[in-house]
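First the structure, in the form of structure tokens, and then the observations on it.
Each reported figure results from applying straightforward, stated rules to the coordinates on display, with no laboratory input. From a predicted model like this one, the values you see are computed outputs, not experimental measurements. Glycine gets a Cβ as well: all are built from the backbone with ideal geometry, and neighbour counts include every protein chain shown.
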């Protein structure tokens, strides 16, 4: 099994946490992993992306070639479109529909969502709302991860374990909240895929 | 042994700890910062008294590392590529003095300028200094090269340059550690106590030694585990691949069988015999290297006659920017791949000053103060506040190198641009601004300097600022008149007061220093979270 994933968002939205959770689950299954991150200047509220590659075979490049990503996972709708050149024909776009509007020329959100719907395989969900229902708006990234979970090629329980591990120092309440967020996303994707 | 999931930077740091360093020296700079931070956060480093606090700049870091090497202990010094410009003087001369304890210089290059003002290739510096260079292709090799590099450094008594790029520095992968951790060296003075005295009479001898050693370095490169000739049946093309470019090449052959001979380079100076073997066997050579076409130029020679060399210089690869698997696919004559086009409505989202950032209020006051004067008077520097060049602020007119704000403002004032303004951050000021301030004071230059003091090195993630609590005294000590050192609180409610103070100082015919002081809001947030965490 091999999955090439583009993670997209705005600096501070938590794409590195998603990468860490998928990465932990992959390593626990003895998979290889390469994950390229963005540090430095672009973190200041700018566009950020990360290349996450997991495979049962050794991985060569730190970068995913254009047109070959299995998935784009985005925490922000505008950002989800920026990396479409990476997506393969069969690939899935999983994105939040809640905009983060920190630029003066942010495009009309309905036009953005129209473009999202043009992508043959897509899941678009209001992750911020689902996260709030699960207990905290901060867990929007985990809702998105849940929505991506049916396409990751790994058992759902492995992601749950990874969440328990990732948030182990934050107490049971935070773990439960994030598990609920994961499930909310997961259920949504299964209903709409 | 268990695999650790490490950034390239972290793999280097772990390698340094396992190789028995006694100290690491650095000034923060993307993409090199995480090397030093890993050691600062290491319990092992703390328990073993390994030095890891930040230096004022890359030059002081390089010199401290050399001083530690002088005593026989192992040292590492880390910087981003442009930091090596700051440290160039001690770096070039350290090749002549040589090392005593093992010394590795890490330079992290940034092709495609993800977070930098240029994409200079540090391998040229290594070649210039005549030191051996190591260039890893992945995180495991980065770790292994640190252990190898310290051995090499101690065998030949020479500093070794480890060159990485952003993509390796900030990419995570599995790393297996060595079975045993080496002990730190004991204090042991150089055998020749004049080794480090570069008086011409001694330097001439040392330079001849270095030239002699250089032949040995080439021999080492021929048999290095990091330089590998892999044969291939199709000799119409030979491929030379340096550092991380190897991964992009392999990506194009999913079964990992490359039909052409491949020479993988991870250690310089270039292994001459291996290159000649390829030149003898192949009709054409394709050179894949991230950064400048250093190897390509070397092979081409001045006139470019003879063997056909393909790479960045003949247009086979783009002349600038980072390599990737697609660029290499096209160079190999394979089909390019592409997903969907980016919809037209997608606009850029550049980084910006955080909401609540003190710099926003400082720029508001400065811009209003200057609104009555002609445009283009603000010389700035390297830090978060460089974002003041972008909309909606458009408040600064230069960003060149660490410390250039004060000296460029001085030069402009010397030429008659009065008043001229410099805007510099607190840690940039102590990095390279203090000496320029002395020049301005000695000439009584009519410039107004804003030292934006947010109490941290913010751009690189909030490291301790070497300037903390010292700025006024430094300015006074250098000779700024006390009446012209003014502290502001950059907040909206003090805007009018701040504008008034700026106006007063702009009118002064001499050096004024204005210090808008308010803590970085990301730093406050982090401080509160840490406090909460520790409860």
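Only counting other Cβ atoms within 10 Å, I'd like B:7, B:193 sorted with the fewest neighbours first.
In increasing order of surrounding Cβ atoms, one gets B:193, B:7.
What Rg and what Dmax come out for segment A:116-193 when only alpha-carbon atoms are used, in angstroms?
Rg, Dmax (Cα atoms, Å): 12.4, 41.
Using helices alone, what [θ] at 222 nm do you get for the protein assembly as shown, with -39,500 (n - 2.57) per DSSP H run of 4 or more residues, divided over all residues and rounded to the nearest 500?
Rounded to the nearest 500, it is -11500 deg cm²/dmol.
Relative contact order of chain B: what whole-number percent is it, with Cα pairs under 8 angstrom and at least 6 residues apart?
About 11 percent, as a whole number.
In whole Å, what are the Cα extents of segment B:439-504 along the three principal axes, biggest one first?
Principal axes ranked by extent give 36, 31, 17 Å for the Cα atoms.
For segment B:228-331, list log₁₀ I(q)/I(0) at each q in 0.11, 0.23 Å⁻¹, using the Debye formula over Cα point scatterers of equal strength and ignoring solvent, two decimals each.
The computed values of log10 I(q)/I(0) come out as -0.29, -1.43.
Using only the Cα atoms of chain B, build the gyration tensor, take square roots of its eigenvalues as a ≥ b ≥ c, and label the shape rounded, prolate or oblate: rounded if a/c is under 1.5, else prolate if a/b is larger than b/c, else oblate.
Here chain B falls in the prolate category.
If N is the number of residues in the protein assembly as shown, what value comes out of its Cα radius of gyration divided by 2.2 N^0.38 Å?
1.00
Angle between the Cα long axis of helix B:139-156 and the longest principal axis of chain B, 0 to 90 degrees, nearest 10?
Approximately 80 degrees, to the nearest ten.
How many percent of DSSP beta bridges within chain B run antiparallel, rounded to 5?
20
Give the share of C-alpha pairs in each 5 angstrom bin for segment B:348-403, from 0 to the last occupied bin, in whole percents, shortest bins first.
4, 19, 30, 25, 15, 6, 0
Mind listing P(r) for segment A:1-140? All alpha-carbon pairs, 10 Å bins, whole percents.
Here the calculated profile for segment A:1-140 is 12, 41, 37, 10, 1.
Enter the angle in degrees (range 0 to 90, nearest 10) between the Cα long axis of helix B:521-533 and the first principal axis of the Cα atoms of chain B, meaning the one along which they spread out most.
70
Averaging over all projection directions, find the projected area of the Cα convex hull of segment B:401-535 and quote it in nm² with one decimal place.
One quarter of the hull surface, i.e. the mean projection, equals 8.8 nm².
For the Cα atoms of chain B, what angle does the longest principal axis make with the long axis of helix B:358-370, in degrees from 0 to 90, nearest 10?
Here the helix axis deviates by roughly 60 degrees.
How many times 2.2 N^0.38 Å is the alpha carbon radius of gyration of segment B:3-222?
Expressed relative to 2.2 N^0.38 Å, the Cα Rg reads 0.94.
Sticking with the crude label model, points 7 Å out along Cα→Cβ, report the distance from residue A:170 to residue B:155 in nm, one decimal please.
With each label point 7 Å from Cα toward Cβ, the separation is 4.9 nm.
Could you state the orientation-averaged shadow area of the convex hull built on the Cα atoms of segment B:282-329, in nm² to one decimal?
Quarter of the Cα hull surface area: 3.4 nm².
Which number comes out as Rg/Rh for segment A:18-79 once both Rg and the Kirkwood Rh are worked out on C-alpha atoms?
Computed over Cα atoms, the ratio is 0.98.
Work out, in µm²/s and without decimals, the Stokes-Einstein translational diffusion coefficient of segment B:95-210 at 4 °C, 1.567 mPa s, Rh from Kirkwood over C-alpha pairs.
81
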